[in-house]
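The structure appears right after this line, and notes come after that.
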Amino acid sequence: LLANGAASAETIEMKVHGMVCGFCAQGIEKSLRKNPATSDVVVSLENKLVVVQTHDGQDFTDAALTKAIKDAGYDLKEITRSQRPIEEIRGQVRQAAK
């Protein structure tokens, strides 16, 4: 929530260990996209990064995120929330993968 109490889209960056292949990444992405709060997902194996963008006014609790990642069989190390656009992160991930 913003300081004035208004909700906006939020970007949630998570450090996730245990992902080793594209199939891992697809599984996590599919699992997170099932949640109605999710508007977009980026998974980077190279950076051990999973990023979720929420719809305006919707949110994931840390507990729900942790459960989704652990249920998929991976280890969630860190959760960071920001207003950084997911497209910016997607661009950085693509540059790093080259």
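The values are calculated or read from the model by the stated rules, or taken from the named source; none is laboratory data. Bear in mind that the values here come from a model prediction, so they are computed numbers and not experimental data. So basically every Cβ, Gly included, is an ideal-geometry build from the backbone, and we count neighbours across all protein chains shown. Heavy atoms of the whole protein, side chains included, go into the accessibility calculation; ligands, DNA and RNA do not. Shrake-Rupley method; radii C 1.70, N 1.55, O 1.52, S 1.80 Å.
Not counting ligands, DNA or RNA, and with a 1.4 Å probe, what is Glu46's accessible surface area in Å² rounded to the nearest 10?
120
Before rounding to the nearest 500, sum -39500 (n - 2.57) across all DSSP H runs of length at least 4 in the chain and divide by the residue total; then give [θ] at 222 nm in deg cm²/dmol.
Estimated from H runs of four or more residues: -10500 deg cm²/dmol.
Could you go through the range 78-86 in sequence order and give the Karplus-derived ³J(HN,Hα) for each residue, using 6.51 cos²θ - 1.76 cosθ + 1.60 with θ = phi - 60°, rounded to whole Hz, and x for Gly and Pro?
7, 10, 10, 10, 8, 9, 5, x, 5
Might you work out the accessible area of Arg90 for me, using a 1.4 Å probe with all protein chains in place, and round it to the nearest 10 Å²?
Its heavy atoms expose roughly 40 Å² to the probe.
Convert each backbone phi in the range 37-45 into a coupling constant with the Karplus relation 6.51 cos²θ - 1.76 cosθ + 1.60 (shift: θ = phi - 60°), then list the ³J(HN,Hα) values in order as whole Hz, x for Gly and Pro.
Taking θ as phi minus 60°, the curve returns 6, 7, 9, 7, 9, 10, 10, 10, 5 Hz for the range 37-45.
Using only the alpha-carbon atoms, how far is helix 22-33 inclined from the longest principal axis of the chain? Give it as 0 to 90 degrees, nearest 10.
20
With labels modelled as points extended 7 Å from the Cα through the Cβ direction, what inter-label distance (nm, one decimal) is found for Gln95 paired with Lys15?
According to this spin-label approximation, the distance is 2.1 nm.
Please report, as a whole percent, how much of the solvent-accessible surface of the chain comes from carbon and sulfur atoms (probe radius 1.4 Å).
Summing carbon and sulfur atoms, their accessible area is 52 percent of the total for the chain.
Assign unit charges at the C-beta atoms only (+1 for Lys and Arg, -1 for Asp and Glu), then state the dipole size of the chain relative to its Cα centre in Debye, rounded to the nearest 20.
For this selection, approximately 280 debye.
Skip the ligands, DNA and RNA, and give the accessible area per residue of the chain with a 1.4 Å probe, whole Å².
Roughly 58 Å² per residue, with all protein chains present.
Over all directions, how big on average is the projection of the convex hull of the alpha-carbon atoms in the chain, in square nanometres?
5.9
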